[in-house]
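Engineer: Would you mind keeping the following structure in view while I ask a few things?
Laboratory data are not the source of any read-out in this text; all were calculated from the coordinates shown. No experiment lies behind these values; they were computed from the predicted model shown. Cβ coordinates were reconstructed from backbone atoms using ideal geometry, including for glycine residues, and neighbour counts include every protein chain displayed.
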Amino acid sequence: MASLLDSKKGLISLILILACLILFPLFAPSPYLVHIITLIFIWSYVSTVWSYMGRFGLVSLGHGAFLGTGAYVTALLFNFLNLTPWIGMLIGASAAALFAAVLGYACFRFGIIGDYFALVTLAVGELVALSIIALRDITGGSLGFTLRSLGNSPLYFQFGGKAYFYYISLIFLLFALYLWKKIDKSKMQKALMAIGEDEVAASSVGVGIIKYKMAITITSASLTGIGGVLYAQYITYLNPHTLSGVGVSLAIPFKAILGGMFNLWGPTIGTAMILSLEEYIRVSYGTKFIGVSEVVYGLALITLIIFLPKGLYGTIVEVFRKKQKFKGTKGIH
Amino acid sequence: MLEQILNAALNGILLGGVLALLAFGLNLIFGVVKIIHMAYGQFVMLGLYLIYALTMQLHLPLVLSASIAVFAMAILGLLTQLLVIGPLLGAPRLNQLLALAGLIIVFENLAMVIWGADYRGIPLYLPILKIANFYIRGSCLFAFLGALITLGLLYLFLNKTYIGLAIRATAQDTEIVKLMGVNPRSVYFITLAAGGALTGIVAAFFTPIYTVHPHFGSSFTIMAFIIVVLGGMGNLLGGFIGAFIIGVVTSVSAVLTTTEVADIIALVIFILVMLVRPQGLLGTRGI
C-alpha cells in the first residue's frame with residue numbers, strides 16, 4: 001500500500017476506497033458511526049502532521065501546545081470579536097507557527113536533539129495548558145468554554161449535520177497525506193533524512209540544519225493548530241485538558257507510533273486502530289465500571305508498543321518487503 | 001508581606017527536602033537504566049492510596065501500613081522492570097517513554113476503579129509550630145527530617161555497600177561493568193525496586209500533608225523532572241540542590257501570585273535550563 005499512488009492498480013484501489021468514504025455518510029447505519037469516523041479523520045490528520053517531524057527524529061511530545069494555541073486563538077476571536085473561524089483559523093495557525101518558530105529556533109540554535117527535545121516540548125505543552133488555565137478570565141480556566149452557537153451557518157464554520165464535518169475533515173486528512181508525498185519528493189526530505197541520521201555529518205557537507213528543521217517544525221505546528229480548530233469546531237467545546245497538556249500531547253505520538261510513523265498510512269491506521277479500540281472498550285465495559293475501560297486501554301497500548309515496536313502498519317510493510325525480497329532471491333538462483 | 005515571603009521560603013525549604021527524596025528515585029533510575037520513568041508520580045499516588053486503604057479500611061496501625069506500602073511499591077517497581085522496561089531495553093527511546101506513559105493511564109484509572117474520584121486522606125493532626133514569627137506545619141517538618149534521614153541512609157547504601165558500588169558502576173558504564181562480574185540486568189531490578197520503595201517512603205511522608213485523588217501523581221512527576229533536569233540528569237547531588245531551589249521558588253511565587261503561575265515559573269526555569277545548560281547545574285553532558 002505504500003506504493004498506492006505510484007502504480008495504476010494502486011491508483012484504482014485508492015479511488016475505490018475514496019468513493020466508499022465519500023458515499024459512507026449517505027448509507028451509514030447510524031450517525032454514531034459517522035461521528036467516530038469524523039474523529040478518526042481529525043486525529044489522523046493531526047498525527048500525520050505530527051509525523052512530518054517525528055519521522056525525521058524530531059520527536060515532539062508537546063504538540064498539544066500548537067493544538068491548543070490554534071483552537072483557542074480561533075475560538076476566542078470568534079466568541080469575542082465575532083470573527084469567522086474560516087479566517088480565525090489562519091490567524092490561529094499563524095500563532096501556532098510563530099510559537100513553533102520561537103521554540104524551534106531556540107532548540108535548534110542550542111543543539112537540543114533527541115530526548116532533550118522531547119522533554120522540552122513536553123514541558124511546553126504543559127506550559128500552554130497551564131497558561132490557558134491561568135488566563136481563566138477569558139478562557140474559562142479548567143472548566144473550558146463553549147462556542148457561541150449560531151445554528152446552521154456555514155460562513156461561521158457551524159453546520160446543521162455531522163456529515164459536513166465528515167467531509168471537511170476528510171479533505172484536510174487527504175491534504176495532509178498529499179503534503180507528505182510532496183515532502184517526500186522534495187530536496188527537504190533528503191536533507192532532513194541526512195540530519196536525522198547524523199547532524200554533524202549533514203552540516204559538514206553543507207546541509208543547512210536549522211533552516212530545514214525550522215521549515216518542517218513550522219509546517220507541522222501550523223497544520224496541527226488547524227487540527228485543533230477542526231476539533232474545537234466539531235465538538236463546539238474547548239477544554240485545556242483535551243486540547244493541550246501532557247495527556248493529549250502524548251496521545252498524538254501514541255497514535256502515530258502504533259500505526260508506524262515512517263509510513264504514509266501509518267498514522268492514519270494507528271489512529272483508526274486506537275480510536276476504535278477506545279470506543280469498543282468504552283462501549284463494552286465503560287457503563288459497568290468507570291475507569292475499567294481505560295485500564296484495559298492502557299494495558300493494550302503498552303502491549304502493542306512492546307510487541308509491535310515499528311507500529312502495526314510498519315510491521316506489516318516490513319514483513320511484506322521481506323517476503324518480496326525472499327521471492328526475488330529465489331528468482332535469481 | 002516580607003514576613004509572609006520568608007515564611008513561604010521556609011516552607012519551601014521543608015518541601016524541598018521531600019522533593020529531593022522524590023527526585024532522587026527518578027534520578028537514580030535515569031542514571032542507571034537510562035530511562036525516563038514517566039509514571040513515577042503515579043507510583044507515589046498508589047502508595048498513598050495503599051496506606052489509606054490499609055489504615056482506614058483494614059484498620060492497621062499507620063506505621064505498619066506504611067511499611068507494607070513501601071514493600072508493595074518495591075514489588076511494583078520490580079514488576080515494572082520485568083514486564084515493561086525489560087522488554088523495551090533495546091527499543092527506540094520514544095517507545096520506552098510512551099510505554100511508561102501508558103502506565104500512567106493504567107495506574108490512574110485503576111485507582112479510579114478501586115477508590116473512586118473522591119479525595120481520600122487520613123485525618124492526622126500534627127501541631128503547627130510557632131518559632132519566632134514563623135509558622136511551620138508539624139507534618140512538613142516531620143516529612144523534611146524523615147526525607148533527610150532517608151537520603152543519608154541512601155548515601156551510605158550507595159557508597160558503603162557492594163550493591164551500591166555495583167549500582168554506581170552500572171550508571172557509569174554498562175559495558176565495562178559486565179567485565180567486572182556484575183550483571184546489569186540484576187542491577188536494573190535492584191534499582192527499580194529501590195526506586196519503587198522510595199516512592200512508598202515518599203507516600204508515607206506525604207500521608208499527613210496531602211489528601212490523595214487519582215490524578216494526584218502527574219504534578220509530582222513533572223516536579224521531579226524539573227528538579228532532575230535542573231540538577232543534571234543522573235547527578236544525585238545536583239538533584240538534591242535543585243529540589244531546594246524549586247521548593248523555595250514555587251512556594252514563594254505561589255504566595256506572591258497563584259499556584260498556576262508558580263507552576264508556570266517552574267516550567268519556564270525547566271525550559272531555560274534545558275536550552276542553555278542541558279547538563280544541569282552540576283551535571284556533565286553526554287548521553
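Engineer: For a quick check, take a GNM of chain A with Cα springs below 10 Å and name the residue from A:Ile12, A:Ile22, A:Ile42 with the largest mean-square fluctuation.
Structural biologist: A:Ile12
Engineer: Spelling out what I want: for every residue of segment A:169-184, take phi, set θ = phi - 60°, compute 6.51 cos²θ - 1.76 cosθ + 1.60 (Karplus), and round to whole Hz; glycine and proline get x.
Structural biologist: 6, 4, 4, 5, 4, 4, 4, 4, 5, 5, 5, 4, 4, 4, 4, 4
Engineer: Grab every C-alpha pair in segment B:21-216, bin the distances at 5 angstrom width from 0 up to the longest one, and report whole percents.
Structural biologist: Result, from short to long distances: 1, 8, 14, 18, 18, 15, 11, 8, 4, 2, 1, 0 percent.
Engineer: So, one more: Give, to the nearest whole percent, the P(r) tail of the protein assembly as shown beyond 31 angstrom, counting all Cα pairs. Please list the in-between numbers first.
Structural biologist: Numbers: 103307 of 191890 pairs.
Percent of Cα pairs beyond 31 Å in the protein assembly as shown: 54.
Engineer: At a 10 angstrom cut-off on C-beta neighbours, averaged per residue, how do the peptides B:245-253, A:56-64 rank from highest to lowest? All intermediate terms of the calculation are to be shown ahead of the outcome.
Structural biologist: Numbers: B:245-253: 21.4, A:56-64: 26.2.
The peptides rank, most packed first, as A:56-64, B:245-253.
Engineer: Right, something else. For the charge dipole of chain A, defined by +1 on Lys and Arg C-beta atoms and -1 on Asp and Glu C-beta atoms about the Cα centroid, which residue among A:Leu230, A:Gln324, A:His63 has the Cα displaced farthest towards the positive pole?
Structural biologist: With unit charges placed on the Cβ atoms, the residue in question is A:Gln324.
Engineer: Here's something else I'd like to know. Full-extension gain between B:Asn133 and B:Ile5, please, as 0.36 nm times their residue separation minus the C-alpha to C-alpha distance.
Structural biologist: Working: separation 128, 0.36 × 128 = 46.08 nm, distance 1.20 nm.
Between B:Asn133 and B:Ile5, full extension yields 44.9 nm more.
Engineer: Place a +1 charge on the Cβ of each Lys and Arg in the protein assembly as shown and a -1 charge on the Cβ of each Asp and Glu, then give the dipole magnitude about the Cα centre in debye, rounded to the nearest 20.
Structural biologist: Numbers: 35 positive and 19 negative charges, 355 e Å.
Rounded to the nearest 20 debye, it is 1700 debye.
Engineer: Which whole-Hz ³J(HN,Hα) couplings does segment A:227-232 yield from phi under the Karplus relation 6.51 cos²θ - 1.76 cosθ + 1.60, θ = phi - 60°, glycine and proline marked x?
Structural biologist: Listing the rounded values in order: x, x, 4, 4, 4, 5 Hz.
Engineer: Over chain B, with a Gaussian network built from C-alpha contacts below 10 Å, which listed residue (B:Leu179, B:Leu64, B:Leu103) shows the highest mean-square fluctuation?
Structural biologist: Greatest mean-square fluctuation among the candidates belongs to B:Leu179.
Engineer: Chymotrypsin sites (Phe, Trp or Tyr not before Pro), restricted to segment A:205-303: which are DSSP loop and have at most 14 other Cβ atoms within 10 Å?
Structural biologist: Details: sites: A:Tyr212, A:Tyr231, A:Tyr234, A:Tyr237, A:Phe254, A:Phe262, A:Trp265, A:Tyr280, A:Tyr285, A:Phe289, A:Tyr297; in loops: A:Phe262, A:Trp265, A:Phe289.
Passing both the DSSP loop test and the Cβ count: A:Phe289.
Engineer: Give me, ordered by chain and number, the residues 5 or more places off A:Gln158 or on other chains with an amide H under 5 Å from its own placed amide H.
Structural biologist: Long-range HN contacts for A:Gln158: A:Ser153.
Engineer: Over all residues in B:208-219, what is the mean tally of Cβ atoms on other chains that come within 10 Å of each residue's Cβ? Don't jump to the answer; show the numbers that get you there.
Structural biologist: Numbers: counts 0, 0, 0, 0, 0, 0, 1, 2, 0, 0, 4, 1.
Mean partner-chain Cβ count within 10 Å for B:208-219: 1.
Engineer: Right, another one. What Kirkwood Rh does segment A:1-120 have if only Cα atoms enter the pairwise 1/r average? Answer in Å. Each step should come with its number before you reach the end.
Structural biologist: Working: mean 1/r = 0.0571 Å⁻¹.
By the Kirkwood definition, the hydrodynamic radius is 17.5 Å.
Engineer: Right, another one. In vacuo Debye scattering of chain A, one point per C-alpha: log10 I(q)/I(0) at q = 0.07, 0.16 Å⁻¹?
Structural biologist: Results for chain A at q = 0.07, 0.16 Å⁻¹ read -0.30, -1.53.
Engineer: Could you work out the mean count of beta carbons from other protein chains within 10 Å of each residue's beta carbon in A:120-129? Write down the numbers at each step before the final one.
Structural biologist: On the way: counts 8, 2, 8, 11, 3, 1, 8, 7, 2, 1.
Across the residues of A:120-129, the mean count of other-chain Cβ atoms within 10 Å is 5.
Engineer: Report the charge-dipole magnitude of segment B:21-216 in Debye, nearest 20, computed about the Cα centre from +1 at each Lys and Arg Cβ and -1 at each Asp and Glu Cβ. Working shown, then result.
Structural biologist: Working: 9 positive and 4 negative charges, 59 e Å.
It works out to roughly 280 debye.
Engineer: Which far-off residues, 5 or more places away or on another chain, put their amide H under 5 Å from the one on A:Tyr237, with H placed in the peptide plane?
Structural biologist: Residues meeting the amide H criterion: A:Leu147.
Engineer: What are the ³J(HN,Hα) couplings of segment A:258-274, residue after residue, when phi is run through the Karplus curve with 6.51, -1.76, 1.60 and θ = phi - 60°? Round to Hz, x for glycine and proline.
Structural biologist: 5, x, x, 6, 8, 10, 3, 8, x, x, 5, 5, x, 5, 4, 5, 5
Engineer: With springs only between Cα atoms under 10 Å, which of B:Gly17, B:Gly152, B:Gly86 fluctuates most in a Gaussian network model of chain B?
Structural biologist: B:Gly152
Engineer: OK, next. Loop-only chymotrypsin sites (Phe, Trp or Tyr not before Pro) in segment B:37-145, please: DSSP not H, G, I, E or B, and at most 14 other Cβ atoms within 10 Å. Walk me through the numbers on the way to the answer.
Structural biologist: Details: sites: B:Tyr40, B:Phe43, B:Tyr49, B:Tyr52, B:Phe71, B:Phe107, B:Trp115, B:Tyr119, B:Tyr125, B:Phe134, B:Tyr135, B:Phe142, B:Phe144; in loops: B:Tyr119, B:Tyr125.
For chymotrypsin sites (Phe, Trp or Tyr not before Pro) across segment B:37-145 that sit outside H, G, I, E and B with at most 14 neighbouring Cβ atoms in 10 Å, the list reads B:Tyr119, B:Tyr125.
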